[in-house]
Amino acid sequence: MRILLIEDDRETARLVQETLVKHGHDVVAVSDGVEGLKMAVVGVFDVLIVDRMLPGLNGLDIVHNVRNAEVRAGIIFLTAVGGIEDRIEGLESGADDYLVKPFALGELVARVAALGRRPPAPMQEVVFKIETLEVDLVKRVARRKGDIIHLQPREFKMLEILLQNRGRVVTRSMLLEQMWGLELDTKSSIIQTNISRLRLKIDRPGDVALIRTVRGLGYMIDDAQ
Amino acid sequence: MRNRLTRSTAFRLAGFVALIVTLTNVAIFTALYFSISEQMAAHLRAHVDEVRKTLIDVEGEESEGFQELTTMVEGHARVAQSDEDIYFLIDQTEKRLAGNVASLQRFDGWRTIPWEDLKLVGNWSSHRASDAVIGRWTTIRGGYLFVGDGNGDIRDAQRLLLKGLLWGIGLSVVCAVLGGWLLGLKAQRRIVEIEEALDAVAGGSLERRVPRDSGADDVDHVAALINSTLDRLQRLFANLRQVSVDIAHDLRTPVSRMRQRLETVRAGPDCIDAYKEATDSSIDEIDRIAETFDALLRISEIEAGARKAKFVDVELNALLTNITDALEAVADERQHRLHPAQQTAGPVVVRGDRRLLNQLFLNLLENAIVHCSDPADIRVELAVADGHPVVRVRDTGPGIPGDEREKVFRRLYRLEKSRTTSGNGLGLSLVAAISELHGATVTLSDNSPGLIVEVRFTQS
């Protein structure tokens with residue numbers, strides 16, 4: 001994916017750029033707001049990562065102008081710590097997602113990936129087959145090695161979210177948002193507990209473990225060893 | 001500073017009132033002046049008419065009657081000076097026959113003639129009460145008769161009225177100015193007090209308040225408003241100060257711990273596993289610090305109360321069902337029983353911020369789950385009491401001792417025995433801040449055994 005990073009803190013910009021490049025993205029980094037806006041409007045990017053506080057032009061104005069110019073790229077807003085108002089304003093100005101500093105680089109990578117995938121959503125798969133796991137989203141049936149797995153509705157929903165992001169990390173906060181609409185800053189064990197239960201039912205002893213934990217970040221379903 | 005008294009509102013108001021009173025006085029006295037003058041002129045004309053009638057009667061129908069009238073008029077004219085009456089009789093050829101004027105033009109109807117226009121005959125004193133004569137001509141058998149009377153009574157009354165008017169205006173102006181002066185002085189004293197208090201506050205004495213007055217007037221109302229604003233300001237300042245102290249106390253410890261760990265690894269042998277372990281634990285430490293820092297700032301932000309503008313209608317029934325659903329597995333894992341939220345018949349709606357309300361109830365339920373060490377029953381109840389939405393979270397755990405119930409809302413405060421459990425001591429502070437923002441009160445009570453947390457939305 002082509003990503004434009006507008007961030008004035010050099011060290012942050014360098015780390016973000018390195019990490020995203022490592023994940024196979026093309027990253028252009030600028031440190032000035034005005035320059036960033038020009039690039040965003042002229043260049044063709046899939047995702048924009050915009051810092052809230054910038055020299056020249058602030059992040060809110062950039063997002064606003066970019067949206068006015070009908071640029072369709074996904075936008076992730078980076079806000080300063082604790083600024084509840086900032087986040088709301090950020091989303092209202094047209095950003096698709098936001099991250100609060102300090103953030104884990106892995107979280108940013110996961111969110112960039114999620115954002116880049118948004119447009120082709122209509123063509124959703126209905127039946128998933130991973131290793132010996134078969135899940136039919138329409139009939140709401142899951143089988144492992146042919147045996148029906150009895151899942152509670154919320155467990156099924158969680159499995160569905162993981163499957164739709166197959167091979168990619170879904171972070172805890174993304175799961176919390178999609179499962180219960182909770183946009184909270186919580187280190188609560190809600191997701192961890194629910195995943196453990198799901199895992200107990202999906203990956204029984206002797207099976208290939210499909211639900212993997214990505215340390216400090218989230219979960220992913222995949223058959224790759 | 002220029003004379004502040006003349007610029008004070010009360011004083012200007014007094015001046016305005018004085019002007020109004022003066023104008024009102026003038027209007028009333030003018031009306032009186034004219035109606036009394038008119039009334040007295042009518043009296044005077046009636047008197048003149050009476051005299052005329054008497055004289056006409058004297059002339060009568062007989063031939064010597066006219067001669068008799070002439071003698072009578074002559075007699076009247078001689079003694080008329082003191083009464084300031086004018087008599088004048090002429091025959092049909094307009095020849096003067098009798099009277100106390102030398103000549104007088106004939107005219108129709110009533111007329112007011114100034115004394116200086118009259119050619120007086122006889123000894124008249126130069127000092128007169130009247131300045132004009134009101135009279136009319138009467139055509140009689142033998143000629144024409146003029147009878148007039150001085151307007152002295154009218155003038156006296158008018159002079160009296162004018163004097164009254166002047167005194168009235170003078171007195172009311174003096175009263176208004178004096179009253180305004182006193183009022184202005186009082187108001188100015190109050191304003192000076194307010195200014196002094198605000199100056200002191202600006203100078204850093206946040207505990208200073210505007211002295212209250214028992215009068216309960218508008219200035220006192222303003223003073224009350226200023227005081228409540230200052231109360232809030234002082235609370236916010238105290239808040240800020242406490243946050244700084246809290247941060248120093250609770251964040252420096254993990255930072256120094258982290259530093260020591262990194263130093264130790266740096267000084268030790270080049271072992272990649274040791275480095276990895278040190279960085280992992282540092283990342284965890286940093287996450288915890290960031291979380292605490294974030295929570296502290298969020299509490300302050302919520303306490304500052306800036307979010308009310310974004311309030312929307314939030315249905316508590318669905319919100320509570322959602323949260324119990326999210327936490328059920330967590331409770332289950334610790335062998336607690338989290339019952340589905342006990343609902344009301346109809347939807348219960350409060351004005352609020354959905355995100356914060358989610359956080360509020362999530363914190364309360366997580367507290368119950370985390371702090372009950374033995375398997376417990378955890379219930380959430382939604383009810384409406386006295387028209388106010390009430391949410392109760394009950395558990396059957398260890399509860400909180402009565403003397404600790406106030407303290408647990410303090411920032412970073414943790415019950416000693418719960419040090420072993422996770423948490424940063426900010427959960428209930430956040431609950432308190434969110435509740436206050438929503439006009440809700442939080443009370444802790446005994447579930448014997450266990451704890452009841454009640455959130456009562458009183459301003460919804």
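Computed from the coordinates by the stated procedures, all read-outs in this text should not be read as laboratory data. If you're wondering where the values come from, they're calculated on a predicted model, not measured in any experiment. Note that we place each Cβ from the backbone using ideal geometry, even for glycine, and neighbour counts take in every protein chain shown.
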- Which whole-number percent is the relative contact order of the stretch B:11-156 (Cα, under 8 Å, 6+ apart)? 22
- Query: Hey, which of these cross-link pairs are over 32 Å Cα-Cα: A:38/A:101; A:157/B:276; A:101/A:129; A:157/B:407?
  - Reply: A:157/B:276; A:101/A:129; A:157/B:407
- Beta carbons within 10 angstrom, averaged per residue: use that to sort the peptides A:36-46, B:216-226, highest first. A:36-46, B:216-226
- Hey, what did the stretch B:209-304 get for relative contact order, percent, Cα under 8 Å, at least 6 apart? 29
- Note on the structure: Taking the stretch B:1-157, the whole-percent share of alpha-carbon pairs separated by over 20 angstrom is 59
- Kindly state, to the nearest 0.05, the FRET efficiency for residue B:383 paired with residue A:215, given R0 = 51 Å and r defined as their beta-carbon distance. 0.70
- Extended-chain gain in nm, criterion 0.36 nm per residue less alpha-carbon gap, residue B:277 and residue B:58: 64.3 nm
- Note on the structure: Cα extents of the stretch A:127-221 per principal axis, largest first, Å, are 39, 27, 20
- Item | Computed label-point distance, nm, for sites residue B:232 and residue B:128 using a 7 Å Cα→Cβ extension | 8.0
- Task: Take B:40, A:158 and order them by how many other Cβ atoms sit within 10 Å, fewest up front.
- Result: B:40, A:158
- Within the stretch B:147-180, what residues put their amide N at less than 17 Å from the label point 7 Å along the Cα-to-Cβ vector of residue B:37? B:150-166
- Taking Cα atoms, the helix A:33-42 axis meets the longest principal axis of chain A at an angle in degrees (rounded to 10) of 60
- Between the stretch B:274-347 and the stretch A:161-175, the Cα center-to-center distance that results, in Å: 20
- Query: Which order, highest average first, do A:159-170, A:20-31, B:24-35, B:267-278 follow once you tally other Cβ atoms within 10 Å for each residue and take the mean per peptide?
  - Reply: A:159-170, A:20-31, B:24-35, B:267-278
- Item | Helical contribution to [θ] at 222 nm, DSSP H n ≥ 4, -39,500 (n - 2.57), averaged over the protein assembly as shown, rounded to 500 | -17000 deg cm²/dmol
- Query: Along each of its three principal axes, how wide is the spread of alpha-carbon positions in the stretch B:307-457, in whole angstrom units, largest first?
  - Reply: 39, 29, 26
- Query: With each label point set 7 Å from Cα along the Cα-Cβ vector, what nm distance links residue B:445 and residue A:72?
  - Reply: 5.9
- Task: Quote to one decimal, in nm, the extra length available between residue B:141 and residue B:244 on full extension: 0.36 nm per residue of separation minus the C-alpha distance between them.
- Result: 25.2 nm
- Query: Please report, for the Cα atoms of chain A, the Rg to one decimal and the Dmax as a whole number; what are they, in angstrom?
  - Reply: 19.1, 61
- Query: Quick one: if the Förster radius is 51 Å, what FRET efficiency do residue B:108 and residue B:183 give, using the C-beta to C-beta distance and rounding to 0.05?
  - Reply: 0.25
- When you look at the Cβ of every residue in B:322-330, what mean number of other chain Cβ atoms sits within 10 Å? 6
- Per residue, the convex hull enclosing the Cα atoms of the protein assembly as shown spans a volume in Å³ of 347
- Using 7 Å Cα-to-Cβ label points, what is the residue A:34/residue B:166 separation (nm, one decimal)? 7.9
- Message: Defining a contact as two alpha carbons under 8 Å apart and six or more residues distant in sequence, what relative contact order in percent does chain B show?
- Response: 10
- Query: At 4 °C and 1.567 mPa s, what whole-number value in µm²/s does Stokes-Einstein give for the translational diffusion of the stretch B:231-310, with Rh from the Kirkwood sum over Cα pairs?
  - Reply: 87
- Query: What is the mean projected area of the alpha carbon convex hull for chain B, to one decimal in square nanometres?
  - Reply: 45.1
- Residue list for the stretch A:191-222, given a label point 7 angstrom along the Cα-to-Cβ vector of residue A:150 and an amide N cut-off under 16 Å: A:198, A:200-202
